[in-house]
Structures are given as C-alpha cells and as structure tokens.
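I am attaching a structure below and will ask some questions about it afterwards.
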Amino acid sequence: QVLSEEMDLYFKHIMLPPGIAATRALKENVFAVIVCIHCNVPVMLVGMPGTGKTLAVNIATGVLRGANGAVPFFRNFVDVANSVIRYQCSKESTSAQIREVFEQGGDDQRRYDRNKEAERRAFIFIDEAGLPDEKVESLKAIHYYIDRGEIPCCLLANRPLDAAKRNRAVQVFRDASDSQDLLLLASEALGVNRKDPHSLGFVEGLCKAFEFVMNVAGCDPALVALERPESFDIFHLRDFTFFLQHLRQHGNSCSGGASSLAVLRALERNFGGLTPTEFSRLVDIFFEQLTLSSGSSMARPEVSQQQTVIQILREAILDMPTEEDIQNKQESESFQPFRFKMIVDE
C-alpha cells in the first residue's frame, strides 16, 4: 500500500502523452526508473513488447530536469536533460561497443563534476539488452561499470537476463497485463467513457478477445471451444495498442463503439502475418466476444469485405498523420500516430 501511494503521488505530477493510460504496469516502470536514476542504482525493465518499457524511460527522463524543470515536484531530483546516452543492442553488439557507451557516460559525468554541476547526472539507456548472443558475452562488459557505481543505467529486455546481471540491479518484471490494466489501457486509447454501459461492453469485448489471442490463463470459457492457432504467439500487447489507436482514428470509437468494418480494418492493419484461415479465426474470436460482451449482435463482415495484401499496403502508404497527430508528436516523442507495415520476402 505504501508503494502504491508513493507511485500515485508521483503520477499526480506527470502529464502522460495522449491516449496513454496510467496503468499499474506503467506506474511501476516509471517509478522504478525515476528512483533508480536519482539514487544511482542500475535497473532492468523486463517484459514483452508493448508493456511500456521504452515509454517509461522516456517519461522518467522527461520529468527529471533538475531545479529548472517545468514540474515543481521533480525540481529536487537530479537533472538528466541532454545527458541520456542511448544504445540499441543487436545480435552483432560487441563488448567494445558496450564499453564505449559506458566510457562516454563516465567522461560526461566527470565533466559535470568538474564544472560543479551537482544536479547533472549522466544516464545510460540500453534497449533490447536481450538481443546480443549470450555465448559471445558482449554484455558481460556491463558488470565492471555497474560494480563501479559511477553512473546510473537502465537495461530493457523482452526476457530475463542471466543471474550475473540480475544480481547487480533492481529488476522490474512485467508479465501479461491483468484484466483491469488492459481495460484501462483500452478505454484510454479509444477515448471512451467506461461509465457508459455500451462503451464498457465494447471495450470489454475487445479486451477479452485479445486475452484469448494471448492465451491468458482464465480467459472467458466461452472462447475455449474456439481452437487457438499457435501462430497467434507472434502477437504482443503492442499489436493490440496500435489496433486500438487505429480504431480510434478510423472507427469513430469515441461514440462508444465502432462499425464492424472498422474493427475488421483495424485487425487487418495490426494483426498481420497469418494465413487466410488463421486470420479468419482471429476475426471470429473478436466478433464472437464483442457480441457476448455488448449484449447485442455485431455482424461479422463477409469474407468478401476483407482487403487483399496489396490493398492493405496501399492504405498504409497513404495513411498520413492529422494536425492533431503532429501536435501530439511534438508534445511527446513516444507518440506514434500509426505503425508502418513491414514486408518480409521469403
């Protein structure tokens, strides 16, 4: 309870980007990063794509601006403005590259100290820390710098790293979103009023369908009879988030619902990579649950209404950000008006 109250206190002073919900998962991630940066403690955020790891780091570093910061509550914290060193890992990352990042951070911190900038703090942000081949041990170079404790660092990974790293840092592990967090996320992303029964039923239907797609334990028994293809394992919370965003932009969801065709188009844009049979099963799951949750029949679009791959790509290419999207992007680096489609040529 004490931890929950402290996180709520921090979030009273944080302005979230448009369409982002203050879920417990996001609160825990942001709180951990802020505290660990200020206390110079290494931290790892571990969770599947779309669980808000990068967003949390961006929010945390955005409010830590020292005495001149825009948010009075955080003016007694350290200042990491213009002192974040980012490194994107890949399978080809080498220990030399890792050392270079930390050496740069150390040089920056010593310069701040010489200039008597007591509030300034260099901060290392390493994304996709789980990508480098463990056999190569390129990330083993991190151990030396973490043990020195000269500068704070944050590692993001989709899976837990080895024990040698976990034992050297605070670890925040994000599993699948619980039903309440997912409902809050979806409601905020769609911009609907959860107090309206029709809106709530629509959002609950989408969430329960996605929980089945993600094979969440305890999902609605009514869906058990529908066989879940293993190909659904490629999807994560990020796909659902962009699905909701697309639905809000093109489906008039703010009125408490969306047309059947709008739901289909959002699924086509954000749940690709399936065979026609598998995609048809996905569509069945969503419309079955929308009907069950809303209490009214929501007609499933005919197969003939589905777009071809070329039509989906053409729509994606022509998709342009609105004036509101551009303004939101200027206010927050984390805001993405839409996602690009990727073509994989096998």
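Can you give me the number of residues within the stretch 257-312 that are among the acidic types (Asp, Glu), open to solvent by less than 60 Å² (accessible area, probe 1.4 Å) and more than 13 Å from Phe232 (Cα to Cα)?
2
Looking at Leu131, Leu161, Leu185 in this structure, which one is buried (at least 18 other Cβ atoms within 10 Å of the Cβ), under 22 Å from Ala56 (Cα atoms) and out of contact with any Gly (no Cβ under 7 Å at 6 or more places or on another chain)?
Leu185
While we're here: Under 6 Å between Cβ atoms, at least 6 apart or on separate chains: pull out the pairs that start in the stretch 52-80 with a residue that is open to solvent by 50 Å² or more (accessible area, probe 1.4 Å) and end on any residue that is part of a helix (DSSP H, G or I) and not β-branched (Val, Ile, Thr).
Arg75/Ala67
Can we say Gln88 is in contact (Cβ under 8 Å) with a residue 24 or more places away in the chain and buried (at least 18 other Cβ atoms within 10 Å of the Cβ)?
The answer is no for Gln88.
Could you give me the residue pairs with C-beta distances under 6 Å whose first residue belongs to the stretch 23-35 and is farther than 10 Å from Val57 by Cβ and touching a residue at least 12 places away in the same chain (Cβ under 8 Å), whose second residue is surrounded by fewer than 24 Cβ atoms within 10 Å (Cβ to Cβ) and among the basic types (Lys, Arg) wherever it lies, and which are 6+ apart or on separate chains?
Close Cβ pairs satisfying both conditions: Ala25/Arg174.
How many residues are among the polar types (S, T, N, Q), touching a Pro at 6+ places or on another chain (Cβ under 9 Å) and in a helix (DSSP H, G or I) if we restrict to the stretch 265-293?
1
Sticking with this structure for a sec: Any residue in the stretch 156-176 that's outside any loop (DSSP other than H, G, I, E, B): show its pairings with residues that are open to solvent by 40 Å² or more (accessible area, probe 1.4 Å) and basic (Lys, Arg) at Cβ separation under 8 Å, as long as the two are six or more apart or on different chains.
Ala164/Lys140
I need the full set of residues from the stretch 61-97 which are in a loop (DSSP other than H, G, I, E, B) and of a type in the set (Ser, Thr, Tyr), in order please.
If the condition is that a residue be in a loop (DSSP other than H, G, I, E, B) and of a type in the set (Ser, Thr, Tyr), then Ser83, Ser90, Ser93, Thr94 are the ones that fit.
Follow-up question, since we're still on this one. Which of the residues belonging to the stretch 57-88 are more than 24 Å from the chain's Cα centre (by Cα) and under 14 Å from Ala118 (Cβ atoms)?
Gly66, Ala67, Asn68, Arg75, Asn76, Phe77, Val78, Asp79
Of all residues being open to solvent by 40 Å² or more (accessible area, probe 1.4 Å) and of a type outside the set (Val, Ile, Thr) in the stretch 134-143, which is farthest from Ala164 (Cα to Cα)? Just the residue, please.
Lys135
Which condition breaks for Val224 when tested against (1) out of contact with any helix residue (DSSP H, G or I) (no Cβ under 8 Å at 6 or more places or on another chain); (2) modelled with pLDDT of 90 or more; (3) among the hydrophobic types (A, V, I, L, M, F, W, C)?
(2)
Hey, Val35 hits all of (1) modelled with pLDDT of 95 or more; (2) open to solvent by less than 20 Å² (accessible area, probe 1.4 Å); (3) not hydroxyl-bearing (Ser, Thr, Tyr) but one; which does it fall short on?
Going through (1) modelled with pLDDT of 95 or more; (2) open to solvent by less than 20 Å² (accessible area, probe 1.4 Å); (3) not hydroxyl-bearing (Ser, Thr, Tyr) one by one, Val35 breaks only (2).
Condition (residue is among the acidic types (Asp, Glu), closer than 30 Å to Arg75 by Cβ and surrounded by 15 or more Cβ atoms within 10 Å (Cβ to Cβ)) applied to the stretch 99-117: is it met by at least one residue?
Checked against the condition, which is being among the acidic types (Asp, Glu), closer than 30 Å to Arg75 by Cβ and surrounded by 15 or more Cβ atoms within 10 Å (Cβ to Cβ), the stretch 99-117 yields at least one hit.
For Ala81, work out the one condition from (1) closer than 30 Å to Leu182 by Cβ; (2) modelled with pLDDT under 95 it doesn't fulfil.
So the condition that Ala81 fails would be (1).
The values are calculated or read from the model by the stated rules, or taken from the named source; none is laboratory data. Quantities reported herein were computed from a predicted structural model and do not represent experimental measurements. Note that each Cβ is placed from the backbone with ideal geometry, even for glycine, and that neighbours are counted across all protein chains shown. For accessibility, only protein heavy atoms count, side chains too; no ligands or nucleic acids. Shrake-Rupley method; radii C 1.70, N 1.55, O 1.52, S 1.80 Å.
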